[in-house]
Amino acid sequence: MTGCSSDDPLGENESTGEAANGAIVIGSQAYYSNEIIAEIYAQALEGAGQEVERRFSIGQRDAYIPELESGAITLFPEYTGNLLQFFDAETEARSPEDVYAALGEALPDGLTVLEQSTASDQDSYTVTKAFADANSLTSIADLANVSETLTLGGPPELAERPYGPTGLEDVYGVQVEFSATGDTTVEDLVAGTVNVANVFTADPRIQTDDLVVLEDPESLFLASNVVPLVSEDIADEVSEVSEVINAVSAALTPEGLIALNVQSTVDQMSTPDIAKQWLEDNGLS
Amino acid sequence: MNLLSEAFAWLTDPEQWTGPNALQHLLFQQLYFTAIAVGIAAVIAVPLGWAIGHTGKGREVAVAFAGAARAVPSFGLLVLLVLLFGVLHKPEAAVVTFVILAIPPLLAGAYSGFEAIDRRTVDAARAVGMTEAQVLWRVEVPLGLPLLVGGLRSAVLQVVATVTIAAYVNLGGLGLPIITGLSLRRYEVVLGGAVLVAVLALVLDALLALAQRAAVPHGVLAAQGHAPRRRTES
Amino acid sequence: MIEFRNVTKRFPDGTVAVDSFDLVIPSHKTTVFVGSSGCGKTTLLRMINRMVEPTSGTVEIDGEDVAAKQAVHLRRSIGYVMQNSGLMPHFTVAENIATVPRLTGETRRAAKARALELMATVGLDASMADRYPSQLSGGQQQRVGVARGLAADPNILLMDEPFGAVDPIVRAELQTELIRLQRELDKTVVFVTHDIDEAFLLGDQVAILAKGAERLQVGSPSEITEDPADEFVAAFIGAERGKRALRVKQTPHGPVLVDAEGRTQGVLVEGGA
Amino acid sequence: MIEFRNVTKRFPDGTVAVDSFDLVIPSHKTTVFVGSSGCGKTTLLRMINRMVEPTSGTVEIDGEDVAAKQAVHLRRSIGYVMQNSGLMPHFTVAENIATVPRLTGETRRAAKARALELMATVGLDASMADRYPSQLSGGQQQRVGVARGLAADPNILLMDEPFGAVDPIVRAELQTELIRLQRELDKTVVFVTHDIDEAFLLGDQVAILAKGAERLQVGSPSEITEDPADEFVAAFIGAERGKRALRVKQTPHGPVLVDAEGRTQGVLVEGGA
Amino acid sequence: MDWVSDNLDLIGSLTLDHLRQSVIAIVAGFLLSLPLGWVAWRYRLLRGWVITVTGLLYTIPSLALLMILPVVAGYPATSETNLVIALTIYAVAIMVRAVTDGLDSVDPAVRRAATAVGYGDARRFWAVDLPLAGPVILAGLRVTAVSTISLATVGILVGVTNLGYLFTNGLQRRIIPEVLAGIVAVALIALLVDLLLMLAGRSLMPWARSKTPARRRASAGAAA
Ligand SMILES: Nc1ncnc2c1ncn2[C@@H]1O[C@H](COP(=O)(O)OP(=O)(O)OP(=O)(O)O)[C@@H](O)[C@H]1O
Ligand SMILES: Nc1ncnc2c1ncn2[C@@H]1O[C@H](COP(=O)(O)OP(=O)(O)OP(=O)(O)O)[C@@H](O)[C@H]1O
Ligand SMILES: [Mg+2]
Ligand SMILES: [Mg+2]
């Protein structure tokens, strides 16, 4: 990728062929919370005078990673742990720092990450407060003592993930049946069709619906902090972009991320409004 | 076509045919939802379609309704109904979605089957002294059957392909390997699931095609086969 | 005897198909309604078996108002033969003929026997009993239609252009056959056609109708030919085309009859009355 | 002059529709092919404009083999009128009539003018020019069909049962109209029908055909009536039905002609030759 | 319905995206189906094949098609092109049959009459066969249009944004009016396009207005 730098003899950036007229192309997953972060990036950059193009709601990682690699998308809010597992399924890294470091290694040429935020949105095993109280649960390991049959709810692919049912058994000796509850996992947990659920830690319903996130002493899950995935050109060449985005990452706290999600689901605010207000509140606009 | 052979390998792996999500189990779920939904839709649409065909009334309403039902995106409707009914009633939500999908072709098959009958035949049936019920059961129903089965055929085809989305709301079926495969980037699994759905659809379609042929009354079949003394002109 | 008393039929769309129609149709005779398309012939016929209900006026059979009878029973007791035979395509020939006996509760076996008997009556080979209508020629289909009309041994037989769709040679055959049948069975036949030749050939009484079932002339064929009521009837029965106003021309083969154009229309035979 | 020379047509499925047929069709006259259904009339007609190619033999127009001409051009130069009019349902009346002029490159305006002129010729009101065929009665549609056949001012007009589907009264009107037209336009008309009355009414030369287009008798109507070639022809032209073997009966209104059954068939007028 | 009034801009721009994607697919499907349908109609031997193969396409679950096509053909799954191509395939699956049935519905007597007055083959196809097949083809096109517009929503599952976004997003955020707005918007534009097609058909085929539309086997069967 060195050939793509600005010391091109003709002074033209022709080899990348993407991001026409120098706009920064920001992508997001088809996940409202991710989209809010992407929108915050976008508005922050626009505030700094950058030209921005939005390519939101792209479903799968393997759909958008190639586009980042090709340069068709140049900036994408990501999560360290999940992203690392995408490139290195066998990784042993668990703590936020280790994961961030490992991620730097694992990323393919041409992609890099900016500073990670303290806000995280990672997988967890969660139970209802009532169930936790009844079975005195605080950690995943405690599940081994529960006498009734455990049914784990989560997205269909959890069945095959290293931290899925197999991981539970191997690491904690907990046996579960699996139910692919998908997008309604939290409802299923509340309704009782499952009693353990794979929930993202930034999900506001952990608070509103009285859920308990079980501790993970054996680090079954990777830490997964919000991190901007960028194409190297952007990071290198337009340092202003890095500055702006790093400022956002610094201001985004775990509680802040949940608050953003609450604004979206409970207050039903539109994504641009949420982003705008957050930037104002954090003095970034 | 590397992918295809991988998909084939996945399909033929005995592991896929054991356990709680064994393919035969998913296949059965797919069929089960199809049968229930088409069955309920038929109970609603066929008598309605027959009533429309027999009386000649209400056709406009039926056409408008069928058009609107066809315009409703199944995926969106399923999501909406799951939100409305709650997670404990996902199967009901799914069944309602598929019933709405199956009604338009069944309705159209039922009434157009009657409409396609030569008016003079029905008129003659009345003129020889058949009661309305006799006209319905002895003349209209048997003669309208081929088009009704045609409608059933396209209802089944559409529903069986669409039941795939049931996996989104944890109802299993052959959509499960498809969406799991998508998340895991295992395209041979996606393709394997898709192939199973397509094969299932084709088998059902072939069976119903036979049924459709069997539904054509003998005398009408004779007319199609021989075309005796038919003018070449018209 | 069938009697129309001041019968009017106005369809829901406002068409007055029949306007104050009166007629007595004698029993055991053939009465033919003839007139051009849309003049109301079919409507008249269908009021006899209540396929159409009059808007006003009454239709009586042997002095009884048909409106007082149950429509389904009335229809089973009256034979009805229509153009294109109106056969059930999914019934065999025998099943078609036996429709009414089956409806009135005869056993399958008895009905079949009756069907075979009727097939003989109308000149159909018994081997055709198990064929479907689509496997028969147009003329054969019409014969089946006639047999079906006769199956309940009705006193009245309604025939609505029964031979309209078959080719002229077969039509002639069917007409001859009908004359023979009628001589044998002695029914009250009401026959609709728009072919004046057919009307004159078959009818004991012919009613020439105009739009709205207006009676232009009612009488025997001879009465009408000999004394047409007006210009229109004269035109209608063909006088104007010169076809019926003939003169004798001598030829080497003997005297022939030619029309106004000099075209030969027939041969003069001896035996003038 | 159109000449069939030893023409045979065997269809791919083996049907021999026409078997060694010879005939000379004189110019400026009407020749009628008559015969029962399936005897090969249409096939004969369609060999003239190459809609059907003979298996062997030749069809010549004024001495030239039609096979030597380009089919599309040949067809544009020969008028063709068929049963059910064969109109294009998606063209207006004027567009239908103007089809051939438009195909041969006339301007839209000129073709429309020609269409209106022809509508007058066949007795259609100009106000109908912009209607679609489905908005016309059967008789009107046939008139449009005839107008279309005449649009290219062809020398030859082929008519295949053009009046078969309209009711008898309208048919009589159209026949009269055709006789008038032919007197005016003086085309070579080849006309197909299975109605012997129509054949005798319209034909200068009538060819009575049997299966395989076998010539039973060819001659003028008078020649045929006066001297039928054989029993079958006699039967076919109606003698057997007694309709054409008439005798005189005296009535108070004057002498009438009655058939064997004693039914009145016509009136005897004076002026025997 | 606060959500709807607060998000009219979003709904509007998604509707435009949705219309663009589906209209391109409908038009492309229509244009491809004409020659395919003609071939199937003209050559009896090919007919069974064309109908079976297009029918087979119809049975492939849309989601699978959306993911597998890009892998096989080598273009990004998230691109609009991917969705448009998949929708075009489904449109062809329905339309080919409609074109074949339409051409079948042309009265052979009219076709013969056209030949008899001197139409050459190609000219006859454009001037007679195709326009007369129009009503049946239009019926198929209307069904195709409605189902394409409703099917396009699955695009969101591979990252092609359109009104389907309101379903996934509404589900994640548990905003029922958002999902409902998506369904209503899809249904409305489907019915609107249907109406436009009907009106276009009326003005292009005025002759078909005076009689009741030819309802043939197909419109009840596969196309329904
Ligand atoms: N059900 C109906 N509703 C409205 N008008 C009708 C109905 N049936 C018949 N008509 C109209 O009533 C008139 C007489 O119709 P009818 O069928 O009795 O004529 P017809 O003499 O039998 O004609 P054809 O010789 O064509 O059979 C026609 O103008 C016809 O259009
Ligand atoms: N394309 C064809 N292929 C096979 N046989 C045909 C074809 N066209 C006509 N025939 C057969 O050729 C014979 C003569 O047909 P043709 O249409 O010339 O008869 P026709 O005298 O015009 O009869 P009609 O009075 O019924 O119109 C019939 O037996 C018919 O079935
Ligand atoms: Mg009638
Ligand atoms: Mg013919």
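The values are calculated or read from the model by the stated rules, or taken from the named source; none is laboratory data. The structure displayed is predicted, hence computed values, not measured ones. Backbone-built Cβ (ideal geometry, glycine too); neighbour counts: all protein chains shown.
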Assess whether C:Ala113 counts as being over 30 Å from D:Thr193 (Cα atoms) and surrounded by fewer than 24 Cβ atoms within 10 Å (Cβ to Cβ). yes
Sort out which residues of the stretch A:34-60 are hydroxyl-bearing (Ser, Thr, Tyr) and within 8 Å of another protein chain (Cβ to nearest Cβ), and write them in order of number. A:Ser57
What are the residues in the stretch B:97-115 that are more than 10 Å from B:Ala41 (Cβ to Cβ) and not aromatic (Phe, Trp, Tyr), if any? B:Thr97, B:Ala108, B:Gly109, B:Ala110, B:Ser112, B:Gly113, B:Glu115
Filter the helices (runs of 4 or more DSSP H) completely within the stretch E:130-224 down to those with at least 1 residues that are modelled with pLDDT under 95, farther than 26 Å from A:Glu187 by Cβ and more than 14 Å from chain A (Cβ to nearest Cβ). E:130-151, E:176-204, E:217-220
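Filter the stretch D:183-211 for residues that are more than 30 Å from C:Pro255 (Cβ to Cβ) and crowded, with 19+ Cβ neighbours inside 10 Å; which is nearest to ligand 1 (Cβ to nearest atom)? Spell out the reasoning first.
So in the stretch D:183-211, the residues more than 30 Å from C:Pro255 (Cβ to Cβ) come out as D:184-190, D:192, D:211.
Still in the list and also crowded, with 19+ Cβ neighbours inside 10 Å: D:187-190, D:192.
Working: D:Lys187: 32, D:Thr188: 35, D:Val189: 29, D:Val190: 31, D:Val192: 25 Å.
Restricting to residues being more than 30 Å from C:Pro255 (Cβ to Cβ) and crowded, with 19+ Cβ neighbours inside 10 Å, the top hit is D:Val192.
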Go through (1) crowded, with 24+ Cβ neighbours inside 10 Å; (2) within 16 Å of ligand 4 (Cβ to nearest atom) for D:Arg46 and report which single condition fails. (1)
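Residues D:Val52, D:Val32: which one is surrounded by fewer than 21 Cβ atoms within 10 Å (Cβ to Cβ) and within 16 Å of ligand 4 (Cβ to nearest atom)? Outline the logic, then answer.
On the way: D:Val32 fails: surrounded by fewer than 21 Cβ atoms within 10 Å (Cβ to Cβ).
That would be D:Val52, the only listed residue that is surrounded by fewer than 21 Cβ atoms within 10 Å (Cβ to Cβ) and within 16 Å of ligand 4 (Cβ to nearest atom).
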If you go through the stretch C:138-177 one residue at a time, how many are touching a residue at least 12 places away in the same chain (Cβ under 8 Å) and under 13 Å from C:Ile97 (Cα atoms)? 13
Between a first residue in the stretch C:44-57 that is farther than 16 Å from C:Ile25 by Cβ and a second residue that is within 14 Å of ligand 3 (Cβ to nearest atom) and in a helix (DSSP H, G or I), which pairs have beta carbons less than 7 Å apart while being 6 or more apart in sequence or on different chains? C:Met51/B:Ala127; C:Val52/C:Thr43; C:Val52/C:Arg46
Does any residue of the stretch C:226-240 turn out to be assigned by TED's automatic domain parsing to the domain that holds C:Gln83, crowded, with 18+ Cβ neighbours inside 10 Å and part of a strand (DSSP E or B)? no
All helices (runs of 4 or more DSSP H) inside the stretch B:1-99 with 1 or more residues being under 30 Å from B:Val135 (Cβ atoms): B:23-55, B:59-71
Go over the candidates E:Ala127, E:Ala77, E:Ala86, E:Ala93 one by one and state the one that is more than 20 Å from E:Pro35 (Cα to Cα) and either more than 16 Å from the chain's Cα centre (by Cα) or away from chain D (no Cβ under 14 Å) (or both). E:Ala77
Do we find a residue being at pLDDT below 75 and touching a Gly at 6+ places or on another chain (Cβ under 6 Å) anywhere in the stretch D:229-245? yes
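Would you kindly identify the strands (runs of 3 or more DSSP E) lying entirely within the stretch A:80-160 that contain at least 2 residues that are within 22 Å of A:Asn246 (Cβ to Cβ)? Spell out how you get there, then give the answer.
Working: elements: A:111-113, A:123-128, A:151-154.
Because the criterion is at least 2 residues that are within 22 Å of A:Asn246 (Cβ to Cβ), the strands (runs of 3 or more DSSP E) in the stretch A:80-160 that meet it are A:111-113.
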Tally up the residues in the stretch D:96-105 that are polar (S, T, N, Q) and either part of a loop (DSSP other than H, G, I, E, B) or facing chain E (nearest Cβ under 8 Å) (or both), please. 2
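Got a number for residues in the stretch A:61-75 being facing chain E (nearest Cβ under 7 Å) and crowded, with 17+ Cβ neighbours inside 10 Å? Please lay out each step first, then the result.
So the first thing to find is which residues in the stretch A:61-75 are facing chain E (nearest Cβ under 7 Å), and the list is A:63-64, A:66-67.
So of that shortlist, the ones also crowded, with 17+ Cβ neighbours inside 10 Å come out as A:63-64, A:67.
Summing the residues that are facing chain E (nearest Cβ under 7 Å) and crowded, with 17+ Cβ neighbours inside 10 Å in the stretch A:61-75 gives 3.
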Members of the stretch A:196-219 that are modelled with pLDDT of 90 or more and more than 14 Å from every other protein chain (Cβ to nearest Cβ): A:Val196, A:Thr201, A:Ile206, A:Asp210, A:Leu211, A:Val212, A:Val213, A:Leu214, A:Glu215, A:Asp216, A:Pro217
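Among strands (runs of 3 or more DSSP E) lying entirely in the stretch C:1-95, which contain 2 or more residues that are away from chain B (no Cβ under 14 Å) and of a type in the set (Val, Ile, Thr)? I'd like the intermediate steps shown before the answer.
On the way: elements: C:2-10, C:16-25, C:30-35, C:56-61, C:78-82.
In the stretch C:1-95, the matching strands (runs of 3 or more DSSP E) lie at C:2-10, C:16-25, C:30-35, C:56-61.
Here is a yes/no grid of residues against (1) hydroxyl-bearing (Ser, Thr, Tyr); (2) more than 14 Å from every other protein chain (Cβ to nearest Cβ); (3) within 30 Å of E:Phe125 (Cβ to Cβ); (4) not in a helix (DSSP H, G or I):
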site: E:Val27; (1), (2), (3), (4): no, yes, yes, no
site: E:Arg47; (1), (2), (3), (4): no, yes, yes, no
site: E:Thr52; (1), (2), (3), (4): yes, no, yes, no
site: E:Leu56; (1), (2), (3), (4): no, no, yes, no
Any residue that is surrounded by fewer than 24 Cβ atoms within 10 Å (Cβ to Cβ) and within 16 Å of ligand 2 (Cβ to nearest atom) - is there at least one of those in the stretch D:84-106? yes
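From the list A:Thr112, A:Thr126, exactly one residue is within 30 Å of A:Thr184 (Cβ to Cβ) and among the hydroxyl-bearing types (Ser, Thr, Tyr). Which is it? Walk me through it before giving the result.
Working: A:Thr112 fails: within 30 Å of A:Thr184 (Cβ to Cβ).
Step by step, each of A:Thr112, A:Thr126 is checked, and only A:Thr126 is within 30 Å of A:Thr184 (Cβ to Cβ) and among the hydroxyl-bearing types (Ser, Thr, Tyr).
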Out of the stretch E:96-113, which residues are surrounded by fewer than 24 Cβ atoms within 10 Å (Cβ to Cβ), within 9 Å of chain D (Cβ to nearest Cβ) and assigned to a helix (DSSP H, G or I)? E:Ala109, E:Val110, E:Arg112
Which listed residue, of A:Thr74, A:Thr80, is modelled with pLDDT of 90 or more, under 19 Å from A:Leu45 (Cβ atoms) and of a type outside the set (A, V, I, L, M, F, W, C): A:Thr74
Taking only pairs six or more apart or across chains, which ones have beta-carbon atoms under 7 Å, a first residue in the stretch E:93-122 that is over 30 Å from E:Thr148 (Cβ atoms), and a second residue that is small (Gly, Ala, Ser) and surrounded by fewer than 22 Cβ atoms within 10 Å (Cβ to Cβ)? E:Ala109/B:Ser234; E:Tyr119/E:Ala127
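Quick one: is C:Leu74 within 11 Å of ligand 1 (Cβ to nearest atom) and either on the phi < 0 side of the Ramachandran plot or not assigned by TED's automatic domain parsing to the domain that holds C:Asp197 (or both)?
On the way: within 11 Å of ligand 1 (Cβ to nearest atom): no; either on the phi < 0 side of the Ramachandran plot or not assigned by TED's automatic domain parsing to the domain that holds C:Asp197 (or both): yes.
Spelling it out, it is not the case that C:Leu74 is within 11 Å of ligand 1 (Cβ to nearest atom) and either on the phi < 0 side of the Ramachandran plot or not assigned by TED's automatic domain parsing to the domain that holds C:Asp197 (or both).
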Here are the criteria: (1) within 16 Å of ligand 4 (Cβ to nearest atom); (2) outside any loop (DSSP other than H, G, I, E, B). Tell me which single one C:Thr176 does not satisfy. (1)
